[in-house]
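Student: Have a look at this one.
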Amino acid sequence: MTNKIKKIAVLTSGGDAPGMNAAIRSVVRTCAYYNIECAGVYRGFQGMIEGDFKAFNARSVKDIINKGGTILKTARSTEFRTPEGRQKAYESLKKEGIEALVVIGGDGSFTGALQFNKEFNFPVMGIPGTIDNDIFGTTHTLGYDTALNTVVEAVDKIRDTASSHNRLFFVEVMGRDVGHIALNVGVGAGAEEILIPEENLGLDRLLESLRRSKKSGKSSSIVIVAEGDKIGKTVFELKDYVEEHMVEYEVRVSVLGHMQRGGAPSCFDRVLASRMGVKAVETILEGQSNFMVGLINDKIQLTPLENAVKGKSKINKELMRVSDIMTT
């Protein structure tokens, strides 16, 4: 293994996700294993500009594998979007003796890392961390599995009250551009209908489906709605429309919001983060740059960062077919 790099920095950027701390821990301990210095960058790219670094060793990251969020914090940085801001960040890294960067985040974070590499030829590696699972080049992003389990548990509890009061619940989950959470939760929680951005169900078909459920004897129903669904402008407009056309239903809305990002990471996310962190550091030490580590066919593989940014994750067509059968 080529080992010219002496010091690596790790940061988290964009929205937080369960498993980010586990990935930080993995990067730090892999550096320690190879006798490489490691620094944590606080507050993402903004912290990089301001030189907000802290030396990490193997003991610095004890007891964080089970914690949600990110100990390094995360922040948006408009300054990093400017050439002047990126120049400041580069100077801060060089002053600290940092020679490579591991970025844990989503496509916006990877776009910034790519631009930084292009301007300064600075080695960067990406680890995908977002509950939306909307990054090309991996079947699972960090936090996705945990979010699914969190949402399924919430929907199970909502179903209890829906059944008790003969109510129809619209449950809005995260997924502005993709419906991975909604589709998987809908199947896993036994929802009567699933509304996702990738498929415009249409109001008439939604009403038809609900009427069919009512006719079959269902006294309550759960509809999972991705926040980016195209049927209505908001989930509350959907509620009003259904109440207007199906007066027999008492309709309620539950927006799960940011609770989906919280909580201790699942075992799957902890293991995935550990594997990704090791691969990210070892790839840097092999002299490679501008890759994202991802899970493909249960193996940790590399995808060019540019492809990860420009590519589009695809909804599982087979699972959509399964959902159609299950909602019969």
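The values are calculated or read from the model by the stated rules, or taken from the named source; none is laboratory data. Since the model is a prediction, treat every value here as computed from it, not as a measurement. Glycine gets a Cβ as well: all are built from the backbone with ideal geometry, and neighbour counts include every protein chain shown. Each accessible area value is taken on the protein alone, full model and side chains, heavy atoms only, with ligands, DNA and RNA left out. Shrake-Rupley method; radii C 1.70, N 1.55, O 1.52, S 1.80 Å.
Student: Between ALA9 and residues 5 or more places away or on another chain, which pairs have amide H atoms under 5 Å apart, with H built 1.01 Å from N, and which residues are they?
Tutor: ALA39, GLU99, ALA100, LEU101, VAL102
Student: I need the phi-derived Karplus couplings for segment 312-317: 6.51 cos²θ - 1.76 cosθ + 1.60, θ = phi - 60°, integer Hz, Gly and Pro marked x.
Tutor: Result, ordered by residue: 10, 5, 10, 5, 6, 5 Hz.
Student: Follow-up question, since we're still on this one. Taking amide H positions as placed in the peptide plane 1.01 Å from N, state which residues far from SER254 in sequence (5 or more) or on other chains have amide H under 5 Å from it.
Tutor: Here PHE170, VAL171, GLU172 satisfy the definition.
Student: Give a residue-ordered list of calculated ³J(HN,Hα) values for segment 189-195 (Karplus: 6.51 cos²θ - 1.76 cosθ + 1.60, θ = phi - 60°; whole Hz; x for Gly, Pro).
Tutor: Ordered by residue, 3J(HN,Hα) equals 9, x, 5, 6, 7, 10, 10 Hz.
Student: Oh, and also: How high is the relative contact order of the chain, given as a whole-number percent (alpha carbon pairs under 8 Å, six or more residues apart)?
Tutor: On the way: 725 pairs, mean separation 78.5, N = 328.
Relative contact order for the chain comes out at 24 percent.
Student: I would also like to ask the following. Which of the aspartates and glutamates could be linked to LYS6 by a straight reach, that is with a Cα gap under 12 Å, when you skip same-chain ones fewer than 8 residues away?
Tutor: Within the straight-line cut-off, LYS6 pairs with GLU37, GLU96, GLU99.
Student: Do the sum for the chain: with -39,500 (n - 2.57) for every DSSP H run of n ≥ 4, divided by all residues, what is the mean residue ellipticity at 222 nm, to the nearest 500 deg cm²/dmol?
Tutor: My calculation for the chain gives -13500 deg cm²/dmol from helical runs alone.
Student: Quick check for segment 50-97: number of Lys pairs with alpha-carbon distance under 21 Å, counting only pairs 8 or more apart or on different chains?
Tutor: Taking the Cα cut-off of 21 Å, the pair count is 8.
Student: Right, something else. Straight-line reach from LYS299: which lysines have a Cα under 16 Å away, not including same-chain ones fewer than 8 places off?
Tutor: Straight-line reach from LYS299, under 16 Å: LYS279.
Student: What is the spread of the Cα atoms of segment 26-107 along each of their three principal axes, largest first, in whole Å?
Tutor: Here the spans come out as 36, 28, 20 Å, largest first.
Student: As I understand it, the value is the acute angle between the Cα axis of helix 83-96 and the longest principal axis of the Cα atoms of the chain; what does it come to in degrees, rounded to 10?
Tutor: So the inclination is approximately 60 degrees.
Student: With a 1.4 Å probe and every protein chain kept in, tell me what percent of the accessible surface of segment 263-319 is carbon plus sulfur.
Tutor: Working: 1470 of 2860 Å².
Roughly 51 percent, rounded to a whole number.
Student: Report ³J(HN,Hα) in whole Hz for each residue of segment 113-124, in order, from the Karplus equation J = 6.51 cos²θ - 1.76 cosθ + 1.60 where θ = phi - 60°; Gly and Pro get x.
Tutor: My calculation for segment 113-124 gives 5, 4, 4, 5, 5, 4, 7, 10, 6, 9, x, 9 Hz in order.
Student: For the chain, which cysteines have no second Cys with its Cβ under 4.7 Å from theirs?
Tutor: Cysteines lacking a close Cβ partner in the chain: CYS267.
Student: Using DSSP to call loops (not H, G, I, E or B), can you name the trypsin sites (Lys or Arg not before Pro) in segment 103-183 whose Cβ has at most 16 other Cβ atoms within 10 angstrom?
Tutor: ARG176
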